[in-house]
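Read through the structure below, which is laid out as structure tokens, and then see the notes.
The values are calculated or read from the model by the stated rules, or taken from the named source; none is laboratory data. All values derive from a computational prediction rather than experimental measurement. All Cβ positions, even for glycine, are placed from backbone atoms using ideal geometry, and neighbour counts span all protein chains on display.
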Amino acid sequence: MSAPTVEELEAQEQRLVLDHFTHDDAWELGSILVRMARERRAPVAIDIRRGGQQLFHAALPGSTPDNDAWIDRKRRVVERYGCASFLVGARFRAKGTTFEESSRLDPDTYAAHGGAFPIAVRGAGVIGTVVVSGLPQAEDHAMVVEALERFTS
């Protein structure tokens, strides 16, 4: 799977803005992700948060505690930059550097790897995150985007 460009990643974020996001929406989105992961036998962990509250978490067979650590690191990037963790990493690479080399942030706390996506609500901005960890970063990101597309259709 080839990595999307900065422009493609930005277009995904512009397209995937929600009208609302409730506790029930978190359950629905999380359930979509769990179904997708089970169908693909993907060894992932899934996390959905609004503000500081975890609304959904699932760890599928084959996932490990390391996936939860990756979820936290990727989620912090979205919270700090207000955009997808994969997009943040892509922007650094487009400048000829890496997030780890140039962000000045602790790599044990922040990871600009694919899989964390902002939950943005029209008129409210970024209000939360949805994160998948367990696959190569482009696949983690693609799974979240596909789930959001299904959720919004």
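Spot the failing condition for S153; the list is (1) modelled with pLDDT of 95 or more; (2) more than 21 Å from H57 (Cα to Cα), and only one is missed.
With (1) modelled with pLDDT of 95 or more; (2) more than 21 Å from H57 (Cα to Cα) applied to S153, the lone miss is (1).
Any residue in region 14-21 that is surrounded by 21 or more Cβ atoms within 10 Å (Cβ to Cβ), modelled with pLDDT of 95 or more and out of contact with any helix residue (DSSP H, G or I) (no Cβ under 6 Å at 6 or more places or on another chain)?
no
For R49, only one of the following conditions fails: (1) in a strand (DSSP E or B); (2) closer than 25 Å to L105 by Cα; (3) in contact (Cβ under 8 Å) with a residue 60 or more places away in the chain; (4) out of contact with any Gly (no Cβ under 6 Å at 6 or more places or on another chain). What is its number?
In the conditions (1) in a strand (DSSP E or B); (2) closer than 25 Å to L105 by Cα; (3) in contact (Cβ under 8 Å) with a residue 60 or more places away in the chain; (4) out of contact with any Gly (no Cβ under 6 Å at 6 or more places or on another chain), R49 misses (4) alone.
Check whether at least one residue in region 31-46 is surrounded by 17 or more Cβ atoms within 10 Å (Cβ to Cβ), within 11 Å of the chain's Cα centre (by Cα) and either at pLDDT 95 or above or of a type outside the set (G, A, S) (or both), and report yes or no.
For region 31-46, residues surrounded by 17 or more Cβ atoms within 10 Å (Cβ to Cβ), within 11 Å of the chain's Cα centre (by Cα) and either at pLDDT 95 or above or of a type outside the set (G, A, S) (or both): present.
When region 29-77 is examined, which residues are found to be more than 16 Å from G128 (Cβ to Cβ) and aromatic (F, W, Y)?
W70
Residues are listed down the side, and each one gets a yes or a no for (1) in a loop (DSSP other than H, G, I, E, B); (2) surrounded by fewer than 18 Cβ atoms within 10 Å (Cβ to Cβ); (3) not basic (K, R):
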position: G96; (1), (2), (3): yes, yes, yes
position: D106; (1), (2), (3): yes, yes, yes
position: T109; (1), (2), (3): yes, yes, yes
position: P118; (1), (2), (3): no, no, yes
position: L135; (1), (2), (3): yes, no, yes
position: E139; (1), (2), (3): no, yes, yes
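Which number in (1) within 16 Å of G30 (Cα to Cα); (2) under 13 Å from the mean Cα position of the chain (by Cα) marks the one condition that A59 misses?
(2)
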